[in-house]
Amino acid sequence: MIDALPLLSPAWPIILGGLLCGLIPWYGLRKAVSLAMPLIAMAFWFSVDQPGTFGALEVAGFTFETFRYDGLSRVWGLIFIIATFLNSIYGLHDRDRLQDATALIYAGAGLGAVFAGDLLSLFFFWELTAISSVFLIWASRNPAAFRAGLRYLAIHVLSGVLLLAGSIIYATNTGSWAFNDIGLDAPGGVLIFLAFGIKCAFPLLHNWLQDAYPKSTVVGAVVLSAFTTKLAVYALARGFAGTEMLIWIGAIMTAFPVFFAVIENDLRKVLAYSLNNQLGFMVVGIGVGTELALNGAAAHAFVHIIYKALLFMSMGAVLYRVGTVKASALGGLFKSMPYSAFFCIIGAASISAFPLMSGFVAKSLTLAATAQEGHWITWLVLVFASAGVLEHSGIKIPYFAFFSHDSGKRVKEAPWNMLLAMGIAAFLCVFIGVFPGYLYAILPFEMDYQPYTFDHVVGQMQLLIAAMFAFSLLMRFGLYPAERPSVNLDTDWFYRRMGDGLFKWAWAMGGRLSASIQNRFGVAGRALTQRLFNLFSPAGAMSRDVPSGLLAIWTSVLLGLVMVIAYVAG
Amino acid sequence: MSETKPSRKRKKTEDEIHPVSRLFLWVEKPSVHFIFLIFLGIASFGLGALDFLHHRHEYVDWAEWHGFYAWFGFGGFALAVLAGWPLRKLIGRPEDYYEKAAGDD
């Protein structure tokens, strides 16, 4: 029956499902669609048995390659479909129609980008992920989420603009729109690299992630955790494999979030930092660029999507029942949410790479490849980051939410659908850890790798048990920084505080200048300042409020630049 | 003698404990925490000592030192946690820090 299916990208049924969900007012039917469409997408994925490019669309003389199925896109496509299905189960209790629709469109856009064979198709789906996903942040329906969503959207549209500009330059100079190996030396390569880097949350470009994800809804954060950043990892693996700079970028990405996560009070923000750390491992693998390393990046992305979703699900369950995920307000929840606690521990053990868990069989590929190629400093950083992962995701998340001091909060266990989604994710974490052969079989390159050697198991257990010993000692002697209600400055300070301050200063200076002009030039001066006010004031034509207006202006400027570049290049 | 208010409240929260969780209430006992600490200490040294019995083969020479991963795990973890103290002083701000500035959060 599967053979009879047309060779279409699995993205289409999911996007169609999203559009339908936007139109269907009946909750039950909407949920049926959101469950059925990933299954249909899965059937589409299984219907292809040979690598190739399918589903070409001719539009205005340009051929959009919407379904390029090969070793790399295959593994990413599969995990995106699995994640979509799990997300649909997790969100079954939620009656938000807009969220149902945008979650599916976003997932479909991610899939579409993964299967895109040319840069224009990639750009289309790339932008669609940005535009659809922002609704998952806005779905929280509070001012903080709205502003964070605007910042998120501006940054991601900027990523899209850079991708388009780079693609135009690349295609004009090479005569090809094909999305294959690009490299930094290619015309437009740096712009495309930056576009991918923004979405991948490279250091200094990372803070949109910690800013936006924790402000999303219970379901939204789970959905967001799966697609955007892993799509960027895929794009880097496709276009920039073996780029040495990525080794250093990835190493920094693994290490710096560890320090931020220790003092972070919002546990979903801790997970966002943890996401950064995990992406670092994948980026290092892509930078190393050998077959083993690229397999490592792909395997890590696969298992990471599952255990990170599981961790976000468990914190989502806590948020849903308790109303907060601030570590300072939690503790002792295992007494009322034992199943959620158990699944959270499975996710924590997986991300920490305990033997028999999925992280163990995936992360070791990247570490082995890095050491094999003689990148010793990077390897050392990765080993440190592995201990760091145990700190923030392995211990901090389950410990401060479910154990630690008893907050006295007694709530209901998570709804059945949340538990089911967590249960399936937890099962996959263990299954892949115990039977890694199934994962290895779908990786881009064939390999002969045995994760369960005496040396590897003993080495990893040394690292983890000694790190747990350090945690116990630090807690016993009161040396672990207590969880406190606070925020920590990160790079978002530059645009949320310094940029805002600069704007206010410039506004005050502008006021003085305006007064001075009026005094000096009388009526003509007043007319000029009035016109400027009408144009640039917060209520003026250029913007309605400060952050969105400014960012929109900059985005427009960049879009204009793209058009100029396209014109000159053409 | 009638029960005091705090003890009534404690009894109420104890009544609300999930039946499955009741099986694991022992994890809260301080004595269990202490035993766990001792266990982890012994396990760390034991796993490190395994290197004296079996030579681990590594791509990086110095990773073959006895107990390398144990020392590195302990040291790396402690560094990350202890760095939190000065880091919090440096970048920690009140919870309403951005709210004051822009009506955010």
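The values are calculated or read from the model by the stated rules, or taken from the named source; none is laboratory data. Note that the structure is predicted; figures quoted are calculated from it, not measured. Every residue, glycine among them, receives a Cβ derived from its backbone with ideal geometry; neighbour counts consider all protein chains shown. Just the protein is used for accessible areas: all its heavy atoms, side chains included, with ligands, DNA and RNA removed. Shrake-Rupley method; radii C 1.70, N 1.55, O 1.52, S 1.80 Å.
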Of the residues in the range B:58-71 that are facing chain A (nearest Cβ under 7 Å) and open to solvent by less than 20 Å² (accessible area, probe 1.4 Å), the one that is nearest to A:A466 (Cα to Cα) is B:A70
Residues of the range A:380-394 being open to solvent by less than 10 Å² (accessible area, probe 1.4 Å) and at the interface with chain B (Cβ under 9 Å from one of its Cβ atoms), in sequence order, are A:V383, A:A385, A:S386, A:A387, A:G388, A:L390, A:E391, A:H392
For the range A:36-77 the number of residues that are open to solvent by 50 Å² or more (accessible area, probe 1.4 Å) and among the aromatic types (F, W, Y) is 1
Condition set aromatic (F, W, Y) and over 16 Å from A:I82 (Cα atoms), scope the range A:1-35, selection surrounded by the most Cβ atoms within 10 Å (Cβ to Cβ): answer is A:Y27
Quick check: anything in the range A:97-118 of a type in the set (A, V, I, L, M, F, W, C), over 26 Å from A:I24 (Cα atoms) and out of contact with any Leu (no Cβ under 9 Å at 6 or more places or on another chain)?
yes
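Residue-by-condition table, conditions (1) facing another protein chain (nearest Cβ under 9 Å); (2) in contact with a Ser or Thr (Cβ under 8 Å, 6 or more places away or on another chain); (3) modelled with pLDDT of 95 or more; (4) over 24 Å from A:G287 (Cα atoms):
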| residue | (1), (2), (3), (4) |
| --- | --- |
| A:Y320 | no, no, yes, yes |
| A:Y339 | yes, no, yes, yes |
| A:F343 | no, yes, yes, yes |
| A:A348 | no, yes, yes, yes |
| A:I351 | no, yes, yes, no |
| A:G359 | no, yes, yes, no |
| A:A369 | no, yes, yes, no |
| A:W376 | yes, no, no, no |
| A:N417 | no, no, yes, yes |
Of the listed residues (A:I397, A:I346), the one being in contact with a Cys (Cβ under 7 Å, 6 or more places away or on another chain), open to solvent by 10 Å² or more (accessible area, probe 1.4 Å) and farther than 21 Å from A:N295 by Cβ is A:I346
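Give me the residue from the range A:255-275 that is closer than 29 Å to A:D96 by Cβ and not charged (D, E, K, R) and, out of that set, surrounded by the fewest Cβ atoms within 10 Å (Cβ to Cβ).
By that ranking, first place goes to A:N265.
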Across (1) surrounded by 13 or more Cβ atoms within 10 Å (Cβ to Cβ); (2) within 27 Å of B:E58 (Cβ to Cβ); (3) among the polar types (S, T, N, Q); (4) more than 9 Å from chain B (Cβ to nearest Cβ), A:S514 clears everything bar (2)
field: Test: residue in the range A:238-254 that is open to solvent by 10 Å² or more (accessible area, probe 1.4 Å) and in contact with a His (Cβ under 7 Å, 6 or more places away or on another chain)
entry: no
Scanning the range B:46-57 residue by residue, those more than 8 Å from chain A (Cβ to nearest Cβ) and either at pLDDT 95 or above or buried (at least 18 other Cβ atoms within 10 Å of the Cβ) (or both) turn out to be B:G46
Exactly one of A:V233, A:V258 is touching a helix residue (DSSP H, G or I) at 6+ places or on another chain (Cβ under 6 Å), β-branched (V, I, T) and in the same structural domain as A:A467 (by TED's automatic domain parsing), and that one is A:V258
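So that you can scan it fast, the table gives a plain yes or no per residue for (1) more than 30 Å from B:H55 (Cβ to Cβ); (2) more than 7 Å from every other protein chain (Cβ to nearest Cβ):
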{"position": "A:L463", "(1), (2)": "no, no"}
{"position": "A:E483", "(1), (2)": "yes, yes"}
{"position": "A:R497", "(1), (2)": "yes, no"}
{"position": "A:W507", "(1), (2)": "yes, yes"}
{"position": "A:R526", "(1), (2)": "yes, yes"}
Within the range A:322-338, residues surrounded by 21 or more Cβ atoms within 10 Å (Cβ to Cβ) and either aliphatic (A, V, I, L, M) or assigned to a helix (DSSP H, G or I) (or both) come out as A:V325, A:A327, A:L330, A:L333, A:F334, A:K335, A:M337
Of the residues in the range B:72-91 that are facing another protein chain (nearest Cβ under 7 Å) and open to solvent by 20 Å² or more (accessible area, probe 1.4 Å), the one that is nearest to A:N265 (Cα to Cα) is B:R88
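Is it true that A:L474 is touching a Phe, Trp or Tyr at 6+ places or on another chain (Cβ under 7 Å) and at the interface with chain B (Cβ under 7 Å from one of its Cβ atoms)?
Values: touching a Phe, Trp or Tyr at 6+ places or on another chain (Cβ under 7 Å): yes; at the interface with chain B (Cβ under 7 Å from one of its Cβ atoms): yes.
The answer is yes for A:L474.
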For the range A:471-487, the count of residues that are surrounded by 15 or more Cβ atoms within 10 Å (Cβ to Cβ), at pLDDT 90 or above and of a type outside the set (A, V, I, L, M) equals 4
Residue hits (the range A:495-524; aromatic (F, W, Y) and over 26 Å from the mean Cα position of the chain (by Cα)) are A:F503, A:W505, A:W507, A:F521
Taking the range A:494-508 and keeping only residues that are without any contact (Cβ under 8 Å) to a residue 40 or more places away in the chain and open to solvent by 70 Å² or more (accessible area, probe 1.4 Å), one is left with A:F494, A:R497, A:M498, A:L502, A:K504, A:W505, A:W507
Within the range A:467-494, residues outside any loop (DSSP other than H, G, I, E, B) and over 31 Å from the mean Cα position of the chain (by Cα) come out as A:F469, A:S472, A:L473, A:L474, A:M475, A:R476
The condition of being modelled with pLDDT under 95 and touching a strand residue (DSSP E or B) at 6+ places or on another chain (Cβ under 9 Å) holds, among A:A116, A:A144, A:A148, A:A56, only for A:A56
Within the range A:285-304, is there a residue that is in a helix (DSSP H, G or I), open to solvent by 10 Å² or more (accessible area, probe 1.4 Å) and within 24 Å of A:A341 (Cα to Cα)? yes
